[in-house]
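Here is the structure we will look at, set down as structure tokens.
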Ligand code: FAD
């Protein structure tokens, strides 16, 4: 048939459905998600929603009535378990099957599990969904000691919220500085200091041996040096894994992400993919990338919708991202990996500055702290040769 079936009711899946309708597609659209909610934005989950400053329906990307009005058949609470590409048929966990003309995989990522003893104790949590946050908030209400494993964006954002909620917070990081994979040493130093000022104990270079518990409930985290850090709640925030198993089992090309071309097409002509679950070649950065950002989910979803509508599209984004911790907004433009020089402009002690990342004297990325103007300008000049007046004004 002509039906477009979208697996995954998140940021990317919802955008494909919406863009198809906006682009004039008049066939059936079915949007299948395993969560009970209409599609929602995840960024506030570790920020305002966790803090209790945003209600659940404030997360929804569109009001529930939108899907009916747009004749998008939204099917919540339904896990897709198998793709049969030859028959163009899906198997669902409830035993049903569903046929597709065109399939879109927008299955996102899941939290990387902690491969250590005790990881299954009650009180060891990860944060990816509304359900996770509802559980974590209930635990925060009675907890004193929170230990966070991993000083990435989610770990640090939760640390900030937990401090604002009055918890005692320790962050354990195996690397020698926070956010090491994504930002420069200067920015890591800024965030170490920011969290120290707010009473977080951030312990870098710290290996974890196991999670300790009693009667099935977590009591602490045993470090490699023999010390035990007491904990009522342990948040595991050590990154995410792409949900690419459906694609792999269907014989599609997969390599830590579902491989897609510039139009979002997989190695099967009738199957597209977009968002966190994909890997694609970035001509701009001359390497394969798998991104976990709202920008990528939205823009790649739009590219997929255009492809399905028969348009030629070559998705090659300028990536951008943000993170909110306390009153500090970090905005990232571009990908800094592979830089050979940095310029820090403005004074970090004033909580307003930016770091420019250069490679062969070419600007490849800019991290702006409380400097939204610099961020917006950076998006326009990335790729240019650096000069001191290229990006004024932190
Ligand atoms: P998702 O939004 O994860 O949606 C995928 C959906 O598919 C999920 O509902 C999943 O349950 C469902 N699914 C998976 N497999 C199946 C199946 N087999 N059958 C049915 N359904 C299935 N990005 C930013 O740019 N800025 C931020 O500040 C930021 N903060 C974040 C904070 C948190 C706590 C998290 C978790 C993410 C954050 N992100 C942020 C990342 C951003 O939310 C993701 O990049 C974005 O949600 C990706 O959209 P997606 O549609 O690819 O995946």
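Could you pull out the residue among 272, 315 that is farther than 22 Å from residue 44 by Cβ and out of contact with any strand residue (DSSP E or B) (no Cβ under 6 Å at 6 or more places or on another chain)? Let's see the steps before the verdict.
Working: 272 fails: out of contact with any strand residue (DSSP E or B) (no Cβ under 6 Å at 6 or more places or on another chain).
Going through 272, 315 in turn, the sole match is 315.
The set of residues in region 74-100 that are over 19 Å from residue 251 (Cβ atoms) and more than 14 Å from the ligand (Cβ to nearest atom) contains only 95. Scanning region 101-124 for residues that are surrounded by fewer than 19 Cβ atoms within 10 Å (Cβ to Cβ) and within 16 Å of the ligand (Cβ to nearest atom) gives 110, 112, 113.
If you go through region 101-150 and keep only what is closer than 22 Å to residue 167 by Cα, part of a strand (DSSP E or B) and under 19 Å from the mean Cα position of the chain (by Cα), you end up with 125, 148, 149.
Residues that are surrounded by 12 or more Cβ atoms within 10 Å (Cβ to Cβ), free of Cβ contacts under 8 Å to residues at least 40 places away in the same chain and part of a loop (DSSP other than H, G, I, E, B) within region 55-92 comprise just one, 64. Just one of the numbered conditions (1) free of Cβ contacts under 8 Å to residues at least 40 places away in the same chain; (2) surrounded by fewer than 16 Cβ atoms within 10 Å (Cβ to Cβ) is not true of residue 372: (1).
Taking the condition on the phi > 0 side of the Ramachandran plot and in contact with a helix residue (DSSP H, G or I) (Cβ under 9 Å, 6 or more places away or on another chain), does residue 118 pass? I'd like the intermediate steps shown before the answer.
On the way: on the phi > 0 side of the Ramachandran plot: yes; in contact with a helix residue (DSSP H, G or I) (Cβ under 9 Å, 6 or more places away or on another chain): no.
For residue 118, the condition - on the phi > 0 side of the Ramachandran plot and in contact with a helix residue (DSSP H, G or I) (Cβ under 9 Å, 6 or more places away or on another chain) - is not met.
Pairing each residue of region 310-321 that is at positive phi and touching a residue at least 40 places away in the same chain (Cβ under 8 Å) with any residue that is away from the ligand (no atom under 16 Å from the Cβ) and not in a loop (DSSP other than H, G, I, E, B), provided the two are 6+ apart or on different chains, yields no C-beta distance under 7 Å. Annotation note: of 303, 297, the sole residue that is buried (at least 22 other Cβ atoms within 10 Å of the Cβ) and in contact with a helix residue (DSSP H, G or I) (Cβ under 8 Å, 6 or more places away or on another chain) is 297.
Every residue in region 6-37 that is within 11 Å of the ligand (Cβ to nearest atom) and outside any helix (DSSP H, G or I), please. Reasoning before the result, please.
Residues of region 6-37 that are within 11 Å of the ligand (Cβ to nearest atom), as a first pass: 6-16, 31-37.
Matches in region 6-37: 6, 7, 8, 9, 10, 31, 32, 33, 34, 35, 36, 37.
Matching residues to (1) in contact (Cβ under 8 Å) with a residue 12 or more places away in the chain; (2) touching a helix residue (DSSP H, G or I) at 6+ places or on another chain (Cβ under 6 Å); (3) more than 28 Å from residue 9 (Cα to Cα):
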{"residue": "139", "(1), (2), (3)": "yes, no, no"}
{"residue": "142", "(1), (2), (3)": "yes, no, yes"}
{"residue": "149", "(1), (2), (3)": "yes, no, yes"}
{"residue": "153", "(1), (2), (3)": "yes, no, no"}
{"residue": "196", "(1), (2), (3)": "no, no, yes"}
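Entry remark, region 242-280: residues being farther than 20 Å from residue 314 by Cβ, near the ligand (Cβ under 10 Å from one of its atoms) and assigned to a strand (DSSP E or B) number 1 in total.
Scanning region 300-319 for residues that are under 26 Å from residue 363 (Cα atoms) and within 11 Å of the ligand (Cβ to nearest atom) yields a count of 2.
Any read-out appearing in this document is the output of simple, stated calculations on the displayed coordinates, not a laboratory observation. What you are looking at is a predicted structure, and each value in this text was computed from that prediction instead of being measured. Cβ sites come from the backbone with ideal geometry, for glycine too, and all protein chains shown count toward neighbours.
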